[in-house]
1. Rg/Rh for region 234-299: what does it come to with C-alpha atoms and Rh from Kirkwood?
2. Ranked highest first by the average count of other Cβ atoms within 10 Å around their residues, in what order do 401-411, 430-440 fall?
3. If I take the Cα coordinates of region 157-312 and project them onto the principal axes, what are the three extents in Å, biggest first?
4. In region 127-187, what percent of the accessible surface is made up of carbon and sulfur (1.4 Å probe, ligands and nucleic acids excluded)?
5. Roughly speaking, to the nearest percent, how much of region 426-477's 1.4 Å accessible area is carbon and sulfur?
6. Of 72/403; 72/298; 165/207, which pairs sit farther than 21 Å apart, going by alpha carbon to alpha carbon?
7. Averaging over every viewing direction, what projected area does the convex hull of the Cα atoms of region 128-183 cover, in nm²?
Amino acid sequence: MNNFKHRYNSGLEETLNINGLVSAGDLTNTEILRLEKIKEAWNFYEGYHWEGIDDLDSPQVTFNYCRPFVNKFVSFEFGKGFTIKTPMELEGKGVTVGDTKIDTSIQDENMNGVIDPDELDGEPEKIVEKTINDFLNSVWNSNNREQLCVEIGQTKSITGEAWVKVSYESPEDADDPFEEYPDGRMRITCIPTQFVFPEFNPHDKEKLDALLIMYPIEVKRDTSILWKRSSVTTVIYKEIWTKDEIVVYQDKEEVDRMENPYGVIPFVQIKNFPIAGRTYGMGDLDDIIPLNVELNTKRSDISEIIDYHSAPITCVFGAKIGNLEKGANKVWGGLPKDAKVANLELQGDLSASSNYTESLKTSMCEIGGVPETVLGGASAISNTSGVALQYMNLPLIEKTRVKRHCTKDGFEKINKMILHISLLEGLIEKPENISKKDFLFNEVTLPDTLPKDELIELQKLETEMKLGLECRHGALERMGREDLTKKLIEIDKERAEHPELFNPMLQSIWYQNQFQQGGQSPQLNSGMMNGQTPIEQVRTETTGQNGGGSVQ
């Protein structure tokens, strides 16, 4: 199922193989129109804007704005990746991954998370090594997380939806030369939309009853028994998925039929932009393609006019041109009295055509939701405030916000599929005291990609924490950090071992001692106790140690 080839990049009928898919799949008119629309969208993204146009004599100027539009949306949506969060009290609680025991059942009441492994009093089986977050992130990372997100973003932006398959790959089938997955691995695959034909419930548009996967493959067939020659033939490969069974066809012949071991159809649809009452989404190029066609046509007309007048045609009236020598710096004489010679000149106003093409570009940006300044040529923004920058990019932000809602929901379903299939395949084990619903729960966050002043954000968090309006966990979450519980444990351990790095007064003294290189340490006050270092004195004053209370 993972051996399909991307066959949509040349703009030819045979590459997408629409005729082959139609004949093999017995598709409806709606599905045929969907295939043609997908083909057109990919052609415009790849730069094939003149498919089906017979006038090949005139210039064919192509301004491909479809590609930067899609790339900008993908970059703006997935520029900073995404983070996965599960409930802290369930992060890896009692879960086993392979031979590694994962147990966070012992928690610290003040942190609401796992406690410091050094405080477990010789119970190594309780040491935290992995969490559910670790497992999910490892699955995404093993499937080329960043590249996979780009493929998903491009597919749904161009075709209106992306289909992702979650599957288990056994050790025998996995391409694992370094033996990294002795128990097999989970695969996440973005399938080209033109190969997916869903069947939704007629009464519930969110319920998937069946799914047909159909794409062309190349097979070798012997053409001569004596010489053992083989030829490559293209046939249609099909998989029909339901909750109960899986049926495989090749070249219209059934080659396999098996029970669905998962009880679900392991495919997730991620819409690009939802449309009420429809089972498919809207692509970012749906409104851009007609304007891009008009822009290319008018720019081609302008190019043709410029060609005419950069090498103008000479018109001779009232004379024969058979003996006239053509070329630059030539003088013609002996013409009849009424003869007239003139070059073809531009009589109209070419600036009006140029202004029209510029208005087309502006219309594309307005309708597509991408400000012109984002595509290039932006003015200096060094003194632009964050609020002003938000308003400058408001159309892009608003449209991306809706797209992220669909992506977030789709990624959370993918994570549930990963955990569900991993349980059934024995990659992980669920503790008995946790319900299946709580175990599968996860939350995906796609952070904002607009540039921000990190120093201002830190100052804001510091003020909120001083006022008691924010906690450390919430601050780390807003900063986009991952594995918050582990990070807080590391911070507390570092604070206990090196308090001088966290207390400003201690830190100042520590740096002074480092620069003095063995010189006399500066005294804080005349009341320093005999044998007490400056750091110990400040610790005594700030924590109340070594005396039963704080120093007044």
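The values are calculated or read from the model by the stated rules, or taken from the named source; none is laboratory data. The shown structure was predicted, so the numbers you read here are calculated from the model rather than taken from an experiment. Cβ sites come from the backbone with ideal geometry, for glycine too, and all protein chains shown count toward neighbours. SASA here: full protein model, heavy atoms, side chains in, ligands and nucleic acids out. Shrake-Rupley method; radii C 1.70, N 1.55, O 1.52, S 1.80 Å.
1. Numbers: Rg = 19.7 Å, Rh = 15.8 Å.
Result for region 234-299 is an Rg/Rh of 1.24.
2. My ranking of the peptides, most packed first, is 401-411, 430-440.
3. Here the spans come out as 71, 57, 38 Å, largest first.
4. Here carbon and sulfur together make up 43 percent of the probe-accessible area.
5. With neighbouring chains kept in place, the figure for region 426-477 is 54 percent.
6. Among 72/403; 72/298; 165/207, the Cα-Cα distance tops 21 Å for 72/298.
7. With every direction weighted equally, the projected area is 5.2 nm².
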